[in-house]
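Below is one structure; the comments refer to it alone.
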């Protein structure tokens, strides 16, 4: 503090305590809001829960077999990366060089080839989409699909039936 004036110190402590109480109350309100809306916005809950977690997940030290049967523990991340790379490279098989053998085409009949997709099924699936999920490989967000369900159901049904018919 600038001065040792008792009145200023008293004012400072009073204001500090008011701010602490306001912050505490705001935190309680925020936590209650997150708990109340957990069903509609689970991302908010998990974001808050992860922010309170003090443990950061790390790769633990790994045991490695050395020459002569000795067991050594890895110490740093580079050693861990080398041990894991060595292990996973030993799991995969090396393909022989040269052309890939050709496979004869086979006519296959699938029991789902004669099934027709119904508009009501497509509509139900679109309306049951979880809007909190991320977009799929097509880049379409589930929220957009769900909100446009009535509009795009007929078109999607035609596409699905066309694909299954020509499959």
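Points to keep in mind about this one:
- For the stretch 120-158, the set of residues classified as within 19 Å of residue 43 (Cβ to Cβ), touching a helix residue (DSSP H, G or I) at 6+ places or on another chain (Cβ under 9 Å) and assigned to a loop (DSSP other than H, G, I, E, B) consists of 128, 129, 130, 131, 132, 133, 134, 135, 136, listed by residue number.
- Any chance residue 85 is in a helix (DSSP H, G or I) and under 30 Å from residue 129 (Cβ atoms): no
- Any pair with Cβ under 9 angstrom, 6 or more apart, that starts in the stretch 32-46 at a residue that is in contact (Cβ under 8 Å) with a residue 24 or more places away in the chain and ends at one that is surrounded by 12 or more Cβ atoms within 10 Å (Cβ to Cβ) and part of a loop (DSSP other than H, G, I, E, B): 41/132; 42/132; 43/132
- Of all the numbered requirements in (1) part of a loop (DSSP other than H, G, I, E, B); (2) under 30 Å from residue 44 (Cβ atoms), residue 75 misses one, and that requirement is (2).
- Where residue 61 falls short, out of the listed (1) in a helix (DSSP H, G or I); (2) surrounded by 10 or more Cβ atoms within 10 Å (Cβ to Cβ): (1)
- For the stretch 110-119, the criterion of a residue being surrounded by fewer than 11 Cβ atoms within 10 Å (Cβ to Cβ) and modelled with pLDDT of 85 or more is satisfied by no position.
The values are calculated or read from the model by the stated rules, or taken from the named source; none is laboratory data. Treat the numbers as computed from the prediction; the structure is a model and nothing was measured. Neighbour counts are summed over all protein chains in view; Cβ atoms, including those assigned to glycine, are modelled from backbone coordinates with ideal geometry.
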